[in-house]
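This report refers to the structure that appears directly beneath it.
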Amino acid sequence: MSQVFVLATQRGLNITIPVIVLAEWWRERTDFADKILRACDVEPMDAKLAKMAGEAQAKIVGATTADALVMASAARRGDLVYTSDIDDLSRLTRHFRSVRVLSA
């Protein structure tokens, strides 16, 4: 995933992470963690995003709240998702058909 981050920032691509991803990923402050955070837009949670994720969870057996929020966030932006958890997020493409899921 660090290679994806480096390439995206070198190309000037916008990286958005839902706030729930920040909560799951952040363990302690480090220079590298700060560098990543400065390069990303952190998307806050709102009611529309929560409802989109909840609808997906109701339809896709085993979908977690975090995964559904990531996919709802990407769907709302018309974006793609890079993940090391390809299986779980790929299942959610049945609900979020516009989102491409790629594995790093």
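What the table below lists for this structure:
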quantity	calculated
Which numbered condition residue 38 misses (of (1) among the charged types (D, E, K, R); (2) free of Cβ contacts under 8 Å to residues at least 60 places away in the same chain; (3) surrounded by 12 or more Cβ atoms within 10 Å (Cβ to Cβ))	(3)
Single residue of 23, 66 found to be part of a helix (DSSP H, G or I) and touching a residue at least 40 places away in the same chain (Cβ under 8 Å)	66
Complete set of residues in the stretch 61-90 that are buried (at least 19 other Cβ atoms within 10 Å of the Cβ) and among the aliphatic types (A, V, I, L, M)	63, 68, 69, 70, 71, 72, 74, 75, 81, 89
In the stretch 1-13, the residues that are within 18 Å of residue 101 (Cβ to Cβ) and either part of a loop (DSSP other than H, G, I, E, B) or aromatic (Phe, Trp, Tyr) (or both)	1, 5, 13
Single unsatisfied condition, residue 32 versus (1) among the aromatic types (Phe, Trp, Tyr); (2) in contact (Cβ under 8 Å) with a residue 12 or more places away in the chain; (3) touching a Ser or Thr at 6+ places or on another chain (Cβ under 9 Å)	(2)
Residue in the stretch 83-101 that is out of contact with any strand residue (DSSP E or B) (no Cβ under 8 Å at 6 or more places or on another chain), of a type in the set (Gly, Ala, Ser) and touching a residue at least 40 places away in the same chain (Cβ under 8 Å) present	no
Every residue from the stretch 26-57 that is assigned to a loop (DSSP other than H, G, I, E, B) and within 16 Å of the chain's Cα centre (by Cα)	26, 44, 45, 46
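Taken together, the values in this text are just the output of simple stated rules run on the coordinates, not laboratory data. Just so it is clear, the model here is predicted, and its values are computed rather than measured. Note that each Cβ is placed from the backbone with ideal geometry, even for glycine, and that neighbours are counted across all protein chains shown.
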